[in-house]
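First comes the structure, then the notes that go with it.
Read the figures in this text as sums done on the coordinates, not as results from a lab. Quick caveat, the model's predicted, so the values are computed rather than measured. Heads up, the Cβs are rebuilt from the backbone with ideal geometry, glycines too, and the neighbour counts pull from every protein chain shown.
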Amino acid sequence: MTIRVAGIGTALPEKIVTNDDLAETMDTNDQWIRERSGIGERRVGGSTGELATEAGIQAIKNAGLTPDDIDLLIVCTTTPDQQLPATSAVVQRDIGLSCGAFDINAVCAGFLYSYVVAYGQILMPGGPNRVLVIGSEALSRIVDWNDRGTAILFGDGAGAVVMERHGQGELIAHDLGSNGDLQDILYADHGGYIRMEGREVFKRAIRAVSGSVKTALDKAGLTPDDIDVVIPHQANIRIIEAVCKSTGLAMEKTVNVIETTGNTSSATIPLCLGKADDDGLLEPGKIVLMTGFGAGMAWGTAVVRW
Ligand code: COA
């Protein structure tokens, strides 16, 4: 049995905050932010549930389906709107779904964890035929807008995919990893802001993602040259360049949105999938590698035959 992505949806708040806007309130500038991170602007606004609902509705529509066709909803987020219920409950109601729903939090690796879980669900005997997976974040609520070390990096947004049992598409191999010893380098307490040791996260991320990409490629029996499209988590364009250098993946094959969105955590990968789809890169049979990392640290890579 094989499983494909039948439809993709994205949602970004209307409000744009440029680097120049940030430079008005903190000691930074457009050139520094662009050179160090690849970010030019980010979107700010909306709740996690609202953004998720918009992206989810679009993904269902793009798949040519209706809410009744969805058998399971997974929302991955690190910024749930409430402690309880799960954000997925609100999204389920607002999209008009009548299926099971739950949240996953693996921070910026959340979409990869959710993709793999959804895939496994569909494979289970009697499992769902179609799973809606949404990565959604309202990170601006937990950003300290007085901290230039973090405020420049993050933004709000959502991306969604409908995964369905089908004669086309396959998860060839995956790697999920986590190292809880590294939680102090990137965290936010309840009611608090994101705190980060930027340089340490930078180094650890390159190491974790490079290792994960190599593991997944080994498991798949593929080489970097076999990969047609690379969808990396959007945290810093220099991290993406370093991972490409260390793994042999071609930078020209990466699909990036970071310049206009910043880091939207679990939404970055489906946002990049949306762009790849718009650019006509996701044709059946293409080999797509998705990889990401985040606080925890948690990381993951999926090698998919589209
Ligand atoms: N504007 C201008 N200068 C800044 C600045 C800003 N926004 N932020 C830091 N600086 C200064 C520092 O104070 C430092 O000055 P000093 O040399 O006088 O001490 C200098 O710039 C270099 O700081 P450093 O922290 O070493 O910069 P960097 O090259 O590591 O870039 C990050 C900083 C945050 C962009 C980078 O470390 C990063 O992206 N880390 C990973 C973050 C990440 O991926 N997080 C999400 C994980 S999912």
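Points to keep in mind about this one:
- A quarter of the convex hull surface defined by the alpha-carbon atoms of segment 170-305 gives 8.2 nm² as the mean projection.
- The chain: DSSP helices with Cα axial extent of at least 30 Å and average Kyte-Doolittle hydropathy no lower than 0.0: none
- For the listed peptides 112-123, 162-173, a ranking on the average number of other beta carbons within 10 Å per residue, highest first, reads 112-123, 162-173.
- Remark: the Asp20-Gln83 segment gains 19.2 nm on full extension, using 0.36 nm per residue and subtracting the alpha carbon distance.
- Fraction of alpha-carbon pairs over 16 Å apart in segment 230-291 - percent: 40 percent
- Charge sum, other residues only, whose C-beta stays under 11 Å from Cys99's C-beta, Lys/Arg counted +1 and Asp/Glu -1: -2
- Once the mean of 1/r is taken over each pair of separate Cα atoms and inverted, segment 2-166 shows a Kirkwood hydrodynamic radius of 16.5 Å.
- Alpha-carbon spread of the chain, three principal axes, descending order, Å: 55, 43, 37
- Each peptide in 132-141, 241-250 receives the mean, over its residues, of other Cβ atoms within 10 Å, and ordering these scores from highest gives 132-141, 241-250.
- When the chain is described by a simple charge dipole with +1 on each Lys and Arg Cβ and -1 on each Asp and Glu Cβ, the residue from Ala216, Ile70, Ala160 located farthest towards its positive end is Ala216.
- Inverting the pair-averaged 1/r between distinct Cα atoms of segment 118-224 gives 17.2 Å as its Kirkwood hydrodynamic radius.
- Take 44-57, 278-291 and order them by the average number of nearby Cβ atoms within 10 Å per residue, most first; the result is 44-57, 278-291.
- Above-threshold pairs, the threshold being 21 Å between Cα atoms, out of Lys203/Lys245; Lys245/Lys275; Lys214/Lys253: Lys245/Lys275
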